[in-house]
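As structure tokens, the structure follows; a few thoughts come after it.
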């Protein structure tokens with residue numbers, strides 16, 4: 001009877017990832033001392049995505065999966081993000097179009113006459 005052998009990853013890769021997450025988190029917390037603006041928010045999002053990718057790649061063992069499974073899991077969220085971005089552009093266009101054609105509303109409802 002043959003024994004089933006599993007794949008064993010070296011523990012050092014997990015330690016390196018843990019240290020990288022610690023350093024990235026330190027940089028992320030350091031952005032609290034920056035002024036509000038696009039640079040700060042882009043750094044926060046970039047560091048967040050780097051940490052998420054590292055966790056998915058190492059701790060969720062996605063790095064050792066076949067390419068077809070990686071694409072099946074990672075591509076649909078990219079398409080969803082693109083569709084959300086397109087809807088946000090459309091919503092902004094629709095709002096600006098309404099203001100352009102209808103203007104700001106100055107309608108104030110009158111009190112209804114009271115009939116006894």
Given the conditions (1) under 18 Å from the mean Cα position of the chain (by Cα); (2) surrounded by 12 or more Cβ atoms within 10 Å (Cβ to Cβ), report the number of the one that residue 38 does not fulfil.
-> (2)
Flag for residue 19 being exposed (fewer than 13 other Cβ atoms within 10 Å of the Cβ) and at pLDDT 85 or above | yes
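The values are calculated or read from the model by the stated rules, or taken from the named source; none is laboratory data. Predicted, not measured: the structure shown is a model, and the values here were computed from it. In this analysis, Cβ positions are derived from the backbone assuming ideal geometry, glycine residues included, and neighbour counts consider all displayed protein chains.
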